[in-house]
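Enquirer: Structure below; questions to follow.
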Amino acid sequence: MALRIVFAGTPEFAVPALRTCAARGEVVAVYTQPDRPAGRGRQLQMSPVKQAALDMGLPVHQPLNFKNEDDLAVLRGHEADLMVVVAYGLILPQSVLDAPRLGCWNVHASLLPRWRGAAPIQRAIEAGDAVTGVCLMQMEKGLDTGPVLLQLKTPIGAKDTGGSLHDRLSQLGAEVLRDGLTLARAGMTLQAEAQPAEGVTYARKIEKSEAKLDWSLPAKNLADRIRAFNPWPVAETGMQGERLRVYQAEVLTVDSGKPPGTVLAAGKAGIDIACGQGALRLLAVQRDGGRVQSAAEYLNARPLPF
């Protein structure tokens, strides 16, 4: 059985899911956020989902929201069986959730109910979680509160960053969606499992102000934050009178007795800094206007007195 699918998504994370939906020519419309200014020139830029949709010859709609009755009428006019929502960036009103015959499915990048909200990928790494995954969820009005239809898990490796985990979960999201669509096409009703009341956490939006490293924290916490914030917003600290962005670091289980933020050593191995517990060795850094380089390369140009 073929499905009439409306797809709603905006960032690069959603593109593999869009391609999965469109593989059989079932996507009748794509919804994405309006073009917005970006970059130094503040030129209007289309979203990655819009670019992918246009490349595939799919019709694109970009309403600011669904408060306008005309926008709702257009949506209903697609006579969709299903609306698939992946990082759309808009909380959908009940009128939209009720429009498709099978309602709205959402691909969410966490194992719900853990990490509901805007930044589940980064928050999972920052919290030191050992495992995460993706959920295919039947949407309801609450924020990521709907029952889970399917899920896939993946471990969070010691070297995973926000970027690497983003890319892996994006592909897993497309996989779990493909599995759900296969069942729906076969006329099967997916078993919806209500989220437990226990274990609910919220992944609040990442703010640039969080990037500054607080050396009074344990080294393990800072290392996790550095991985989580790579490639955005990128952790940072002050060194030799300038901002230094930190892309990679490792934990040293030493007790120097020095105040947090004290540089303990600087050489070919990296830059060691005392923390509230243990120490952190900076391995890959970036000066303002410069390229990402090893700490050793940085020290060649800006040696520290060690």
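Please treat every number below as a calculation from the coordinates, not as lab data. Keep in mind that what you see is a predicted model, and the values were worked out from it rather than measured. In this analysis, Cβ positions are derived from the backbone assuming ideal geometry, glycine residues included, and neighbour counts consider all displayed protein chains.
Enquirer: Can you list the trypsin sites (Lys or Arg not before Pro) in segment 24-110 that are in a DSSP coil and have 15 or fewer other beta carbons within 10 angstrom?
Expert: Loop-located and lightly packed - Arg24, Arg40, Arg42, Lys67, Arg101.
Enquirer: With the Cα gyration tensor of segment 5-203 giving a ≥ b ≥ c as the square roots of its eigenvalues, does the rule (a/c under 1.5 for rounded; else a/b larger than b/c for prolate; else oblate) give rounded, prolate or oblate?
Expert: Because a/c hits 1.5 or more and a/b fails to exceed b/c, segment 5-203 counts as oblate.
Enquirer: How would you order 224-230, 199-205 from highest to lowest mean count of nearby Cβ atoms within 10 Å?
Expert: 224-230, 199-205
Enquirer: Put a dot 7 Å past each Cα toward the Cβ at Arg243 and Val292; how far apart are the dots in nm?
Expert: 1.7
Enquirer: Antiparallel DSSP bridges in the chain: what percent, to the nearest 5?
Expert: The antiparallel fraction comes to roughly 70 percent.
Enquirer: Given charges of +1 on the Cβ of Lys and Arg and -1 on the Cβ of Asp and Glu, with all other atoms neutral, how large is the dipole of segment 83-210 about its Cα centre, in debye to the nearest 20?
Expert: In total the dipole reaches around 160 debye.
Enquirer: What's log10 of I(q)/I(0) for segment 164-274 at q = 0.11, 0.13, 0.19 Å⁻¹, Debye sum over Cα points only, no solvent?
Expert: -0.57, -0.70, -1.08
Enquirer: I want to check the label-to-label distance for Lys208 and Ala158. Put each point 7 Å from Cα in the C-beta direction and report it in nm to one decimal.
Expert: 3.5
Enquirer: Please report, in debye to the nearest 20, how large the charge dipole of segment 208-301 is about its Cα centre when each Lys and Arg carries +1 at its beta carbon and each Asp and Glu carries -1 there.
Expert: Approximately 140 debye in magnitude.
Enquirer: Given Lys141/Lys208; Lys153/Lys258; Lys159/Lys205, which pairs have Cα atoms separated by over 31 Å?
Expert: Lys153/Lys258
Enquirer: Considering only segment 187-296, what is the antiparallel percent among its DSSP beta bridges, to the nearest 5?
Expert: 90
Enquirer: Give a quick list of trypsin sites (Lys or Arg not before Pro) in segment 115-144 that DSSP marks as loop, anything other than H, G, I, E or B, with at most 13 other Cβ atoms within 10 Å.
Expert: Lys141
Enquirer: As an exercise, use a Förster radius of 35 Å and the Cβ-Cβ distance of Arg76 and Arg36 to find the FRET efficiency, rounded to the nearest 0.05. Before the final figure, lay out each step's value.
Expert: Values: r = 27 Å, r/R0 = 0.76.
Rounded to the nearest 0.05, the efficiency is 0.85.
Enquirer: Within 10 Å, at most 14 other Cβ atoms, and a DSSP state outside H, G, I, E, B define an exposed site. Report the longest part of the chain free of exposed GluC sites (Glu not before Pro). Walk me through the numbers on the way to the answer.
Expert: On the way: sites that count: Glu79, Glu198, Glu207.
Segment 80-197 is the longest.
Enquirer: Among Ile156, Leu64, Ser209, whose Cα projects farthest towards the positive end of the dipole of the chain, with charges put on the beta-carbon of Lys, Arg (+1) and Asp, Glu (-1)?
Expert: Most positive-ward Cα: Ser209.
Enquirer: Can I ask one more? Go ahead and collect, in residue order, the members of segment 34-49 whose backbone nitrogen is under 15 Å from a label point 7 Å along the Cα-Cβ direction of Arg19.
Expert: Backbone N within reach: 48-49.
Enquirer: Roughly how big is the chain's charge dipole about its Cα centre, with Cβ charges of +1 (Lys, Arg) and -1 (Asp, Glu), in debye to the nearest 20? Don't jump to the answer; show the numbers that get you there.
Expert: Working: 34 positive and 31 negative charges, 135 e Å.
For the chain, the charge dipole is close to 640 debye.
Enquirer: Can you give the relative contact order of the chain as a percent, counting alpha carbon pairs under 8 Å and 6+ residues apart?
Expert: Taking the mean separation of contacting Cα pairs over the length of the chain, I get 13 percent.
Enquirer: While we're looking at this one, here's another question. Going toward the positive end of the dipole of the chain, with +1 on Lys and Arg Cβ and -1 on Asp and Glu Cβ, which of Val74, Pro233, Ala192 do you reach last?
Expert: Going by the Cα projections, it comes out as Pro233.
Enquirer: Using r as the Cβ-Cβ distance of Asp255 and Val234, and R0 as 35 Å, what FRET efficiency do you calculate, to the nearest 0.05?
Expert: Step by step, r from the Cβ atoms, then E = 0.75.
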